[in-house]
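Below you'll find the structure, written out as structure tokens, and then a few comments.
Every read-out reported here was derived from the displayed coordinates using simple, explicitly stated rules and does not represent laboratory data. Please read all numbers here as calculations on a predicted model, not as lab measurements. For neighbour counting, all protein chains shown are included, and Cβ atoms are generated from backbone atoms with ideal geometry for every residue, glycine included.
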Amino acid sequence: MPPFGMSAETWATQHPPYRCPMCRKMILTKVLISKPDGTPYPWFTRRSQLDRQARVTCPHCGQSWNYFAYADTGEITILGLVNTRRTAAPLGFDDHVRDNRSSGIPMSAPFKVSHRWVRKLEVQWEAAKTVSTASRFSSSGAEVERKVEQSLKASLWKSEESEQLAEDTVDAPVPPHRRLTVRVHWKEIWQEGDLRVRLPDGTVAEIPYRAAVGLVPDIENIEG
Ligand SMILES: [Zn+2]
């Protein structure tokens with residue numbers, strides 16, 4: 001990838017093969033760089049002074065392209081979830097009584113257990129940091145935060161529903177003449193890590209997040 005966030009097109013006009021990405025003609029002169037509205041930048045404008053949406057125009061064919069690889073298009077790209085780890089947190093329990101006191105043979109009848117839960121996502125914006133540049137992280141507003149959270153949800157979960165039903169089948173054999181309380185401890189599985197994301201202004205940031213991604217039963221058998 002070209003340095004300085006330059007687009008591949010821009011790079012190819014300033015280094016070998018020095019060609020226009022559109023008409024393929026050789027460009028050996030300085031190219032015209034303009035603002036998105038077409039206003040040309042002065043010749044000696046430094047890269048750091050260009051808008052993210054700056055355009056480069058070919059002196060031969062007059063066609064143009066983005067100076068930067070990630071021009072401000074309002075798009076948010078999830079680059080990956082890093083430093084991922086999982087933890088389990090207790091979320092209550094349900095008791096299921098299995099009575100086999102009146103029988104002389106072991107009882108083994110698998111039964112279904114289910115529990116409702118709500119998917120949650122916590123994004124720690126205040127702990128976010130920039131990784132692409134030395135610039136300070138700024139989330140550039142509630143709209144960006146909302147979009148990032150939407151993209152994160154889409155990559156964590158397959159459906160949109162926040163309310164979920166966890167279901168499982170439990171088989172707890174009960175010996176003859178015994179009664180058993182099957183205690184189903186529900187464990188909420190949390191995924192934690194850093195979301196690596198490219199923000200609309202081209203900044204690459206790492207944002208710590210925590211999300212409830214599943215609910216699993218943990219079985220305890222209690223006599224009586
Ligand atoms: Zn051209």
Any residue in region 181-195 that's crowded, with 17+ Cβ neighbours inside 10 Å: show its pairings with residues that are not in a strand (DSSP E or B) at Cβ separation under 7 Å, as long as the two are six or more apart or on different chains. 182/172; 195/152
Per the filter on region 58-68, residues near the ligand (Cβ under 10 Å from one of its atoms) and part of a loop (DSSP other than H, G, I, E, B) are 58, 59, 60, 61, 62, 63
Residue 158 vs (1) part of a helix (DSSP H, G or I); (2) farther than 30 Å from residue 67 by Cα; (3) under 13 Å from the mean Cα position of the chain (by Cα): all pass except (1)
Being in contact (Cβ under 8 Å) with a residue 40 or more places away in the chain and either surrounded by 14 or more Cβ atoms within 10 Å (Cβ to Cβ) or closer than 20 Å to residue 3 by Cα (or both) is the filter here, so list the residues in region 22-57 that pass it. 22, 47, 52, 56
Filter region 1-57 down to the residues that are away from the ligand (no atom under 15 Å from the Cβ) and among the basic types (Lys, Arg), then identify the one that is farthest from the chain's Cα centre (by Cα). 46
Members of region 196-224 found to be surrounded by fewer than 18 Cβ atoms within 10 Å (Cβ to Cβ), in a strand (DSSP E or B) and in contact with a helix residue (DSSP H, G or I) (Cβ under 9 Å, 6 or more places away or on another chain), listed by number: 208, 213
